[in-house]
Amino acid sequence: MAFKDPKYDKPIQLRKTRRPKQLAVINQSGCTGCMVCIDFCPADCILVVPGPDPSAPTVHKLVEVDLPRCIGCTLCAKYCPWETISMLEFDDGYKKAEEWTIRTVLGEIIEPVPAAVPTAPRAAARRPAHAEAE
Ligand code: SF4
Ligand code: SF4
């Protein structure tokens, strides 16, 4: 059965290593963003992602497992102090990841905030006083 990675929309068959029996899935509603799990991951596949409030993405940053790179070693689940990482059967892991990943849900309903463009008066205000005198 063909599954697609929910983040990159890539077929799972592109995985170069052997398919692990289990995958680590983080229930982000219980994640404190402590980042302890990152230090234990031998595959370096736990990523820091923006916090749940789209107007303040740097507040309460969360983590997310890049599932195609997870080797299922279980270390992150073992050492997460908040017990919010579950080891799930490979196929179940992808299904639960969509349900438990806040960023994925937000991505469907929140439009990106346009970048602020500096205005001319603000640029003038930053100019040093001696530059005005010249
Ligand atoms: S160790 Fe647990 S609570 Fe801490 S960032 Fe990782 S998943 Fe979140
Ligand atoms: S199970 Fe192992 S490889 Fe997968 S995210 Fe956790 S520590 Fe990393």
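The values are calculated or read from the model by the stated rules, or taken from the named source; none is laboratory data. All values derive from a computational prediction rather than experimental measurement. Cβ sites come from the backbone with ideal geometry, for glycine too, and all protein chains shown count toward neighbours.
Annotations
So that you can scan it fast, the table gives a plain yes or no per residue for (1) farther than 21 Å from residue 22 by Cα; (2) not in a loop (DSSP other than H, G, I, E, B):
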| site | (1), (2) |
| --- | --- |
| 33 | yes, no |
| 57 | yes, no |
| 68 | no, yes |
| 72 | no, no |
| 78 | no, yes |
| 95 | no, yes |
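- Set side by side, the residues 24, 2 differ, and just one is in a strand (DSSP E or B) and either at pLDDT below 95 or surrounded by 14 or more Cβ atoms within 10 Å (Cβ to Cβ) (or both), which is 24.
- Residue count for region 61-91 satisfying the condition of being over 12 Å from residue 30 (Cα atoms) and more than 14 Å from ligand 2 (Cβ to nearest atom): 2.
- Here residue 74 qualifies as in contact (Cβ under 8 Å) with a residue 40 or more places away in the chain and on the phi > 0 side of the Ramachandran plot.
- Subset of region 29-54 (residues that are away from ligand 1 (no atom under 13 Å from the Cβ) and at pLDDT 90 or above): 42, 43, 44
- Candidate set: region 80-92, residues that are closer than 13 Å to residue 20 by Cβ and in contact (Cβ under 8 Å) with a residue 60 or more places away in the chain; chosen: the one surrounded by the fewest Cβ atoms within 10 Å (Cβ to Cβ): 91
- With respect to (1) more than 9 Å from ligand 1 (Cβ to nearest atom); (2) closer than 19 Å to residue 92 by Cβ; (3) surrounded by 14 or more Cβ atoms within 10 Å (Cβ to Cβ), the lone exception for residue 57 is condition (2).
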